[in-house]
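The values are calculated or read from the model by the stated rules, or taken from the named source; none is laboratory data. Computed from a predicted model, the values in this text were never measured in an experiment. For neighbour counting, all protein chains shown are included, and Cβ atoms are generated from backbone atoms with ideal geometry for every residue, glycine included.
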Amino acid sequence: MAQIDLSNYNLGELKGLQFDVEKELKERQKHDLRKAREQVLAIVQEAGMSVDELLAERGKGKTAGKGAGKGRPKKAGPAA
């Protein structure tokens, strides 16, 4: 990647660049998420399944239910 000399920019220009970079990062993340979602949907459809069927399979493994719903253990009371 090319090195950019920012030393000649004033504070306002740098803040403007920062705003533009943050905006572009958000757009790229949205784009990448959409692309990944489309790829996953294509794979699921190619396998002849629906997304609901795929997600329903998540909880059917050997570890299903292990530790589910237990949360953090309660603190023991003072010793009597």
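Among the residues of region 2-19, those that are exposed (fewer than 11 other Cβ atoms within 10 Å of the Cβ) and over 30 Å from the mean Cα position of the chain (by Cα) comprise D5, L6, S7, N8, N10, L11, G12.
Taken over region 29-77, residues that are in a loop (DSSP other than H, G, I, E, B) and modelled with pLDDT of 85 or more amount to 4. Pairs meeting the criteria (first residue in region 6-35 and among the hydrophobic types (A, V, I, L, M, F, W, C), second residue part of a helix (DSSP H, G or I), beta carbons under 8 Å, at least 6 apart or on different chains) are L6/L14; L6/L17.
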